[in-house]
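Asker: Shown below is the structure under consideration.
The values are calculated or read from the model by the stated rules, or taken from the named source; none is laboratory data. Note that the coordinates shown come from a computational prediction; the quantities given were computed from them, not determined experimentally. Ideal geometry is used to build each Cβ from the backbone, glycine not excepted, and the neighbour counts take in all protein chains shown. Calculation scope for accessible area: heavy atoms of the full protein, side chains included, ligands and nucleic acids excluded. Shrake-Rupley method; radii C 1.70, N 1.55, O 1.52, S 1.80 Å.
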Amino acid sequence: VVEINGLEISESKSPLTQTYVVRNGDLNINNDIKYNLDTNILGAFILKRFPSAAFIVIDGNINIHKDVEQLDGVFIAIDTDNEGDDGKINSNEISYKQLTINGILVGDVSDLFENRRFVGDISQDEGSVTIKFSENFLLNTPPGLSELLDLTQLRVAY
């Protein structure tokens, strides 16, 4: 089991693109994971300065603590042995906090959606779990991610 007790990915941290891989175990996310994007780079549009992270769990699950409110990155849970007990993205307990994911979520999300019960204004993007596709991983792809996902079908406006 790998525990993440909060992570900020910013220009001051190196490297700016990161890939975390957990094999045959779970990834427990106990606090927010956020990109700290320096807005000064937007004018210069320096691609390699866009923060980007991927979290890949192979034959395990991603467990998101009920108090987590924001996750930035690519989160993938894979069950390669097809036994049905892995590849899940779980909340494990009921939460009344909104979860916003800026990136991509791949895996069995049924437990997460069942246990997140925030009630907000749908016109304000206030769903229990709100997934906002982020192009950070396309602008500055984390190592190894292009071998796992077919990124050729996705487009970024340069």
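Asker: Restricting to region 67-91, name every residue that is touching a Leu at 6+ places or on another chain (Cβ under 7 Å), assigned to a strand (DSSP E or B) and free of Cβ contacts under 8 Å to residues at least 40 places away in the same chain.
Answerer: Phe75, Ile89, Asn90 - these are the residues of region 67-91 that are touching a Leu at 6+ places or on another chain (Cβ under 7 Å), assigned to a strand (DSSP E or B) and free of Cβ contacts under 8 Å to residues at least 40 places away in the same chain.
Asker: Looking at region 128-148, is at least one residue open to solvent by 50 Å² or more (accessible area, probe 1.4 Å), modelled with pLDDT under 80 and among the small types (Gly, Ala, Ser)?
Answerer: For region 128-148, residues open to solvent by 50 Å² or more (accessible area, probe 1.4 Å), modelled with pLDDT under 80 and among the small types (Gly, Ala, Ser): present.
Asker: Kindly check whether there is at least one residue in region 92-104 that is in a helix (DSSP H, G or I) and either out of contact with any Pro (no Cβ under 7 Å at 6 or more places or on another chain) or farther than 22 Å from Gln18 by Cα (or both). Please lay out each step first, then the result.
Answerer: Of the residues in region 92-104, the ones in a helix (DSSP H, G or I) are none.
There is no residue in region 92-104 that is in a helix (DSSP H, G or I) and either out of contact with any Pro (no Cβ under 7 Å at 6 or more places or on another chain) or farther than 22 Å from Gln18 by Cα (or both).
Asker: Can I ask one more? On the basis of being open to solvent by less than 50 Å² (accessible area, probe 1.4 Å) and hydroxyl-bearing (Ser, Thr, Tyr), does Ser110 make the cut?
Answerer: Details: open to solvent by less than 50 Å² (accessible area, probe 1.4 Å): no; hydroxyl-bearing (Ser, Thr, Tyr): yes.
So Ser110 fails the test.
Asker: From the list Ser123, Ser52, which residue is modelled with pLDDT under 90, crowded, with 22+ Cβ neighbours inside 10 Å and over 18 Å from Asn28 (Cα atoms)? Talk me through it step by step, then tell me what you get.
Answerer: Numbers: Ser123 fails: crowded, with 22+ Cβ neighbours inside 10 Å.
Selected residue: Ser52, the only one of Ser123, Ser52 that is modelled with pLDDT under 90, crowded, with 22+ Cβ neighbours inside 10 Å and over 18 Å from Asn28 (Cα atoms).
Asker: Quickly run through region 105-145 and pick out the residues that are in a loop (DSSP other than H, G, I, E, B) and under 13 Å from Lys66 (Cα atoms). Quick ask: steps written out before the conclusion?
Answerer: So in region 105-145, the residues in a loop (DSSP other than H, G, I, E, B) come out as 107, 109, 117-121, 125-128, 133-135, 140-144.
Listed by number, the residues that qualify are Arg117, Phe118, Ser128.
Asker: Suppose the filter is open to solvent by 50 Å² or more (accessible area, probe 1.4 Å) and modelled with pLDDT of 90 or more; does Asp59 pass it? Before the answer, list the steps.
Answerer: Details: open to solvent by 50 Å² or more (accessible area, probe 1.4 Å): no; modelled with pLDDT of 90 or more: yes.
So Asp59 does not fit the description; no.
Asker: Is there any pair with a first residue in region 122-145 that is over 16 Å from Ile104 (Cβ atoms) and a second that is of a type in the set (Lys, Arg) and assigned to a loop (DSSP other than H, G, I, E, B) whose Cβ atoms are under 7 Å apart and which are 6 or more apart or on different chains, and what are they?
Answerer: Ser128/Arg117
Asker: Just a yes or no: is a residue in region 13-22 touching a helix residue (DSSP H, G or I) at 6+ places or on another chain (Cβ under 9 Å), at pLDDT below 90 and open to solvent by 40 Å² or more (accessible area, probe 1.4 Å)? Before you say what the answer is, go through the steps one by one.
Answerer: Within region 13-22, the first condition is being touching a helix residue (DSSP H, G or I) at 6+ places or on another chain (Cβ under 9 Å), and the residues that meet it are 16-17, 19.
From what is left, the residues that are at pLDDT below 90 are 16-17, 19.
Filter once more, keeping what is open to solvent by 40 Å² or more (accessible area, probe 1.4 Å): 19.
The answer is yes; a qualifying residue exists.
Asker: Considering region 72-107 alone, what residues qualify as being at positive phi, open to solvent by 10 Å² or more (accessible area, probe 1.4 Å) and modelled with pLDDT of 90 or more?
Answerer: Gly107
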